[in-house]
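The values are calculated or read from the model by the stated rules, or taken from the named source; none is laboratory data. Note that the coordinates shown come from a computational prediction; the quantities given were computed from them, not determined experimentally. Using ideal geometry, Cβ is built from the backbone for each residue, glycine included, and neighbour counts are taken over all protein chains shown. The accessibility values were calculated without ligands, DNA or RNA, using every heavy atom of the protein model including side chains. Shrake-Rupley method; radii C 1.70, N 1.55, O 1.52, S 1.80 Å.
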Amino acid sequence: MPELLAQRPKMRYIFTGGKGGVGKTVAAAGLAYHYAAQGERVLLASLNPVHSLSSLFAQSLSGGKVVQVKGVKGVHAVEVETTEVVERYRNAIRGRVKEFLKWADIPLDAKPFIEIATTNPAFEESAMFDRMVDYILKEGEAFDRVIFDTAAVANAVRLIGLSKIYGLWLTRMIDSRKEALSMRVQLSFRKEKVMEEVKKDPLMADLISMNERFEKAKGVLVDPERTAFFFVTLPLALPIAVVRRFIGMVQKFNIPIGGVIVNGVLRPEIALQEGAGEYLANKYHEQTGYMKVLYRDLGPLVRSYIPLYSSEVGGVDMIARVSEDMMSYTPPFAAELSGGA
Amino acid sequence: MADSKEPAKPKSRGRRVKEGVKGVFYGMAAHGHVTAALRTRMYLEHLFMFITLGDMLGVPVIPPYYSLRILPYAVPNIKSWKQRVFRERDFTDQVF
Amino acid sequence: MGLSSYFEKKGDAGIVIFAGKGGLGKTTCSAGLSHYMASKRNRKVLCFSTDPQASLSDIFDRDIFGKGLISVIPNLDVVEIDADRRVSEYQEQVKQKIRSMYGLTDIPPEIEEYIDSTSAEPAMYESATYDAMADLVSTSGHDLYVFDMPPFGHGVRMIAMAGVLSKWVGKITEAREKAQEYEAVAATLKGAKVSEDEVLRELQEIQEKITRFTDLMVDQRRTSFFMVLIPERMAILDTERALEMFDALGLQMAGLIVNQVYPKELADAKGGEAVEFLRNRTRMQQKYLDEIRSKFAGKVVAMLPMYPREPRGMDMIEKVSQDLLFGPAL
Amino acid sequence: MVDILATPFLWVVATIALYVVAYWGYGKWIDRNVWRSDAKKATPAHMYMDGVEYFPVSRYVLWGYQFKSVAALGPILGPFIGITFGWLPALLWIIGGNFFIGWLQDYGSMMLSVRKEGRSFGPITYEFTGAKGRTNLLAFVLFYLIIISATFIALIASFWNAFPGTFVATLGILLAGLLCGQLLYRIKMNVFAVTGIGLALVVLSIYLGVLFPISLPWGAWNLPVWAFICAIILYAAAVLPTPMFIQPTNYLAFYPAYAAIILILVGAVITPFTNTTIQMPAGPFLFDPQGILGPIWPILFVAIACGAISGWHSLVSSSSSSKQLDIETDALPVGGGAMLSEGLLALASLIAYMVLAPSFFVGRTNVTAWVQGAVVLTTPMLGGLTAAVLRTFFGLVLIIYALTVQALVTRFFRLVAGETWGESRFRALGNKHVSTVVGLGVPWGFAVSGSWWALWLYFGGANQLLAGLAIMLITIHLARVRAPTRYSLIPGVFMVVTTLSALVWQTGTFLYSVWAYLQNDNTWVLRNVRGPIQTDPNLLIVAVAINGIFVVVGAVLFAVGVSMAIRLFRSYSRSVAEARGKAPAAADGGTREEESP
């Protein structure tokens, strides 16, 4: 890991993702701590629909605002909220519906319809993406590093990949909005007035600025100098399978891969010492078996290890330890394997 | 009967008178209601289409999965739908 | 203890849902229960993973992903939906329908572009999965459906999705019905025949399917809904939050399953550093187990041990199913 | 057989003959030489066919629709005031006004809209006179609608008060309408069955009305109370979806209304055989002999609007009919034909008044006169029915007609209010419920205070001013396409000048009344008001206030009218100048290139 970080000093936007429960948040926090310890300003942003930063740091970081993490100088954190963005979308849509139904005389209340048109969970997700772009382009500017703790990997990849898909969608939106506006002008009798309105169309402005932001964000997200996506996994078959499956997808979106972080690694000196019992030894052998698979498939990408601690990771002290281990710990079998590979 | 677009066949005078009387009667009694109903229907359709295919109008309504099931039926009407939606209407268009 | 007593009371047909955060063992539980019901109780079981990072393939050691219904043992079919593929198939179907409806060889580019761009719809994949679930339940004819929920937001999102979709369909059907009413009045006044609205028919079809499925999902007599957690602080907090959300959606939890529990004896084991490690973890777990006991009193229906090996392959599944159904009490 | 000259018979024949000349002579000539309608040219109905607003409709259907939309209460009530100056001038105005102006406006508005891609008057005004012109029109229409509403509410209240049988009957029909709406929409019953049930209920309602007459016990306060009840019903009608309530009621109302019209027309024609003679003086009186209304010019010309010329029609013609015209040559039968037919309706009403004793018209407050006249005309035919039944029937016809039209007017007011204030600081006024309350509350105030003739003359003034403006729009268009303008310019100028003069006179009357009050002469202010305000000395101050308000109303109408007229005349002279600069167009019928400035 330290080599990688040294190689890419400009790596500014870091994402962690993986199967649920593998310790993405822990890995993200560890990285954040590492950079902060070197005197940098770090923003740790959780993009999870269910945030866990607060519970990890054992302090309230919720509320959707960037706050200083108590006890860790230089680390700011935010549990990203989407309500505001969603509300803004909704208002824009509401305005348009009202426009369409200006003269309508219908036996139905239009409100619930607007409601359902805007309760699509997709709004949450696109709003989350929107916020992420904000943190990359705006709030993130004030920091040396921005580390995103994303949701489960499929979501995370899609979230990042959205810049590509959304680009398509947005271009089409912009086109159809253009068509809409020109039709409005064409079919109006107050051409000047409508033209004036069309020129100032807030929705169009929104779409265009969104597109520009997304374009910019896309540029950042596919830049291997500045961005890296880390997979977090456990040395177990299922999480490894997930990494394998999604690594291709990440590549398809041209997202630069930072590497794989293996969490929950049993230390042989603990697991194999005398008196440890069969239980831990079994576990250890199982882990090494899976590690072999991991190395076979993704060897050079494995960057860092987080050992299994005797207690749950929580609180600043534990994170400090995680951070240290992430930078320095290499289990002996891994050394052998990488030597062999 | 409102749409007078059948191919013109030579009709007897009696038929013509009968049709004329029927037409006048229909025009007096029902035509206004028919257009009012159609107009209401149109606005309901606006609402419906807006929610299902609103992003065609450049409004970022994210169309849910089942919107696509509606799409095939909407295909031939999309153009006229857009025209209806975007036509600027004035208060003087609303005189009954 | 274990799920067996629950299912004895409840009967072993209907729907079983396993929800919870990722990595806690939902898939393991799903596989275990399905296996038991199929092999020991002779029910026709369908085990369905809605998780895009599905692991049934890994657990059953077979390539199941996107292959449709796969019979792994007699009576047990397993499905892992490839949502991407399903979405693109769906898009293709729509295109085909347009072509055949209007006798086109090419779809108008505007429409084609529109259909293609719907893949950008972030909820498209969940919706596709949901639709697949609804389809299977209404057509496949199994006795028991076991759903392994996706991990995002504990599968809350999936269920919320169901709510949103059914509300959406309901509302637009209402608008369409009203429109059709006016159409009908205009037609009768004109003396014309009222033509049937195909859109409405389509909508009603969708609505019927969704309603049947959603009703079934929230029907406590037919559906059992379990949450899986592990004895750790974050898992407990998350479970509490998830339960609130499920409550808001009208889903009553049938029980909690605690997974990855270290044997209690390890807490008192004597020995060096290694045992110290185990002892610590076990003690920590015991503390959280106590918390679980007090917070979710009477809700825990099963407990699974921390297996020395990751549970995969038929042998392990069988073992899991034993523990799940007849395992020790908390 | 009586002396045929003492009956209205010959006048009926003469009017019909002159209308025939108006249609087949003057009408055809204008159609061919001024507008040059072309059956082959695509109308908006074809160009923009959408099956909802734009679609071609046969000329019979459209004629029926147009006739029903224009022939509301105007032709029935106008002659009541117009007959003040003797029936002969009233009749001559109905004939001459319609011959030279009335049909020309309806037809011209329709053609104008057809040539302007089916656009209605708002957009056309915008095109010809700019944004301010349209705002002007908007403000004007707003006032206009308030005054219409006031007259209708006053009318309905007076009728309920005068004919005790009609209230229950009205309620019966409203309920029948509501029921028919449900049958049609909810149960999806066949139209014929619904019509059958509805009509049975209408007959039952009349029967019940006769059986259970309702009179209020509050003397002079009855009218305000009735007016209030009326406003409440209208409120419900205006906020409920039209297809549920207004439309079916309107549909049901159609049958008795047209039965009544046909009865009266037949009654008028057969007067020589029924010994019904003219009772009213022929005139002409150059001033109101009762000294209330003033000089024959301009008052007569605003008193009788519908039937001679009515601005309202221009809105109807250009709103929906023009979007559904199948071929251009249909505009004459639909627009012109419907208007000339309405002239006959006005004639029938005039005759209903002519056969009444002059005592009915003393003070011009007895608006129920038409019912009495109708009973006189029809009793000989329908001897079997008692006068009570006939009175209830004719009274009811008027009430239901007024109610349904007024419900639509209130809705329209709501839309106009929304357009006026919807995006301004006074957004609240554009709210559905607020604007409906305003659109009924203010008219209610006018209805219970201002005397009937005062309201009617303001209504006529506004309506005729609208007509003048519509004709000017037509003229501007004709000037732009280099078609002959004098046939519309002269009537247009005449209407504008006459109406503005009438408004000046009216406003002057109220102003004078207030001035007289300040000189301690109360008779004038009291003369202009009605009901309890007129009789209760405590309410004198209200009477003064009403007079003051009427001064303001008149002044505003006048100001809006003048400003609008100036815009239009300017636009006209500009158009003439521009058209002169252009090479002579081959023909009018104007292709669009020629029309664009």
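Roughly what angle does helix A:83-100 make with the longest principal axis of chain A, taking Cα atoms, 0 to 90 degrees, to the nearest 10?
Helix A:83-100 and the main axis of chain A meet at about 20 degrees.
Tell me, what ³J(HN,Hα) does each residue in region A:222-236 have, in order and in whole Hz, if you take phi through Karplus 6.51 cos²θ - 1.76 cosθ + 1.60 with θ = phi - 60° and put x for Gly and Pro?
So the Karplus estimates, Gly and Pro as x, are 9, 8, x, 5, 9, 10, 8, 10, 9, 8, 10, 8, 9, x, 9 Hz.
Within region A:245-341, list the GluC sites (Glu not before Pro) lying in a DSSP loop whose Cβ has at most 10 other Cβ atoms in a 10 Å radius. List each step's numbers first, then the result.
Values: sites: A:GLU269, A:GLU274, A:GLU278, A:GLU286, A:GLU312, A:GLU324, A:GLU336; in loops: A:GLU274, A:GLU312.
Of the GluC sites (Glu not before Pro), the ones in loops of region A:245-341 whose Cβ has at most 10 other Cβ atoms within 10 Å are A:GLU274.
Looking at region D:340-441, which GluC sites (Glu not before Pro) are DSSP coil and have at most 16 other C-beta atoms within 10 Å of their C-beta? Let's see the in-between values first.
Working: sites: D:GLU342, D:GLU419, D:GLU423; in loops: D:GLU423.
Loop-located and lightly packed - D:GLU423.
What accessible area, in Å² to the nearest ten, does a 1.4 Å probe give for D:VAL504?
80
Which whole number gives the average count of other chain Cβ atoms within 10 Å of the Cβ atoms across peptide A:231-242?
Values: counts 0, 0, 0, 2, 1, 5, 9, 13, 6, 1, 5, 8.
Counting other chains' Cβ atoms within 10 Å and averaging over A:231-242 gives 4.
Gap in Å between the Cα centre of region A:162-227 and the Cα centre of region A:246-292?
Centre-to-centre distance over Cα atoms comes out at 46 Å.
Under 5 Å between amide hydrogens, which residues at least 5 positions from D:ILE278 or on another chain qualify, with H placed 1.01 Å from N in the peptide plane?
Amide H neighbours of D:ILE278: D:THR7.
Take every residue in peptide C:165-173, count the Cβ atoms of other chains within 10 Å of its Cβ, and give the average of those counts.
If you average over the peptide's residues, the count of other-chain Cβ atoms is 6.
Sequence neighbours fewer than 8 away in the same chain don't count; with that in mind, list the lysines whose C-alpha is under 24 Å from C:LYS95.
A:LYS164, B:LYS79, B:LYS82, C:LYS67, C:LYS209
Run the reach check for A:LYS73 against lysines, Cα to Cα strictly under 20 Å, same-chain hits fewer than 8 apart removed. What comes back?
A:LYS65
Please list, ordered by chain and number, the residues whose modelled amide H lies under 5 Å from the amide H of C:PHE225; skip anything fewer than 5 residues away on the same chain.
Residues meeting the amide H criterion: C:ILE17, C:ALA254, C:GLY255.
Can you order the peptides A:326-333, C:301-308, A:198-205, D:568-575 by their average number of other Cβ atoms within 10 Å per residue, highest first?
Working: A:326-333: 16.4, C:301-308: 20.6, A:198-205: 14.1, D:568-575: 18.8.
Per-residue mean Cβ counts within 10 Å order the peptides as C:301-308, D:568-575, A:326-333, A:198-205.
So, by mean Cβ neighbours within 10 angstrom, what's the order for C:247-257, D:60-70, D:132-142 with the highest one leading?
Working: C:247-257: 16.7, D:60-70: 26.1, D:132-142: 20.5.
Descending packing order for the listed peptides: D:60-70, D:132-142, C:247-257.
In whole angstrom, how far apart do the alpha carbon centroids of region C:96-134 and region C:201-256 sit?
Spelled out, the Cα-based centre of one part sits 29 Å from the other.
Mind listing the phi-derived Karplus ³J(HN,Hα) values for region C:232-240, rounded to whole Hz, using 6.51, -1.76 and 1.60 with θ = phi - 60°, and x for any glycine or proline?
9, 4, 4, 4, 5, 4, 4, 4, 4
Ranked highest first by the average count of other Cβ atoms within 10 Å around their residues, in what order do A:293-300, D:465-472, A:68-75 fall? Let's see the in-between values first.
Numbers: A:293-300: 15.4, D:465-472: 28.4, A:68-75: 17.2.
The densest-packed peptide leads the list: D:465-472, A:68-75, A:293-300.
Restricting to DSSP loop positions (anything but H, G, I, E, B) with no more than 12 other Cβ atoms inside 10 Å of their own Cβ, which trypsin sites (Lys or Arg not before Pro) remain in region D:1-59? Show your work: numbers first, answer last.
Numbers: sites: D:LYS28, D:ARG32, D:ARG36, D:LYS40, D:LYS41, D:ARG59; in loops: D:ARG36, D:LYS40, D:LYS41.
Filter output for region D:1-59: D:LYS40.
From the helices alone, meaning DSSP H stretches of at least four residues, give me the mean residue ellipticity at 222 nm for chain D, per-run term -39500 (n - 2.57), in deg cm²/dmol to the nearest 500.
Working: 24 runs with 405 residues, N = 597.
Calculated at 222 nm, the ellipticity per residue is -22500 deg cm²/dmol.
Over chain D, what is the relative contact order in percent, taking alpha-carbon pairs closer than 8 angstrom and at least six residues apart?
About 26 percent, as a whole number.
Tell me what chain A gives for mean residue ellipticity at 222 nm when only DSSP H runs of n ≥ 4 count, each as -39,500 (n - 2.57), the sum divided by the residue total, rounded to 500 deg cm²/dmol. Display every interim value, and only then the final one.
Numbers: 14 runs with 195 residues, N = 341.
About -18500 deg cm²/dmol.
Please state the relative contact order of region D:387-484 as a whole percent: Cα pairs under 8 Å, 6+ residues apart? Kindly include the intermediate steps, with their values, before the conclusion.
Working: 35 pairs, mean separation 14.5, N = 98.
Contact order relative to length: 15 percent.
What is the percent carbon and sulfur in the accessible area of chain D, measuring with a 1.4 Å probe over the protein chains and ignoring ligands? Walk me through the numbers on the way to the answer.
Working: 14200 of 20060 Å².
That share works out to 71 percent.
I'd like the antiparallel share, as a percent to the nearest 5, of DSSP beta bridges with both residues in the protein assembly as shown. It would help to have the intermediate numbers written out before the result.
Details: 7 of 66 bridges.
For the protein assembly as shown, the DSSP antiparallel bridge percentage is about 10.
Using only atoms on other chains, find how many Cβ atoms lie within 10 Å of each Cβ of peptide D:409-416 and report the average. Each step should come with its number before you reach the end.
Values: counts 2, 0, 3, 5, 1, 2, 10, 3.
Taking all residues of D:409-416 together, the mean is 3.
Roughly how far apart, in whole Å, are the Cα centres of region D:79-100 and region D:494-553?
26
Roughly how much accessible area, to the nearest 100 Å², goes out of reach of solvent when A and C pair up, both sides summed, probe 1.4 Å? Provide the component values of the computation, followed by the final result.
Details: alone 17090 and 17140 Å², together 29190 Å².
What A and C bury together is about 5000 Å².
What residues qualify as long-range amide H neighbours of C:ALA302, i.e. H under 5 Å apart, gap of 5 or more or another chain, H built at 1.01 Å from N?
C:LEU256, C:VAL258
Compute the relative contact order of region B:13-94 as a whole-number percentage, counting only Cα pairs closer than 8 Å that sit 6 or more residues apart in sequence. It would help to have the intermediate numbers written out before the result.
Numbers: 21 pairs, mean separation 13.6, N = 82.
It rounds to 17 percent for region B:13-94.
Apply the a/c threshold of 1.5 to the C-alpha gyration tensor of the protein assembly as shown and tell me whether it is rounded, prolate or oblate. Can you show the working numbers first?
Details: a/c = 2.80, a/b = 2.54, b/c = 1.10.
Prolate.
Going Cα to Cα from D:LYS432, which aspartates and glutamates come in below 20 Å? Please leave out same-chain ones fewer than 8 positions away.
The qualifying aspartates and glutamates are A:GLU99, A:ASP105, A:ASP109, B:ASP90, B:ASP93, D:GLU419, D:GLU423.
When DSSP beta bridges are limited to those with both residues in chain A, what percentage is antiparallel, rounded to the nearest 5?
Values: 2 of 31 bridges.
The antiparallel fraction comes to roughly 5 percent.
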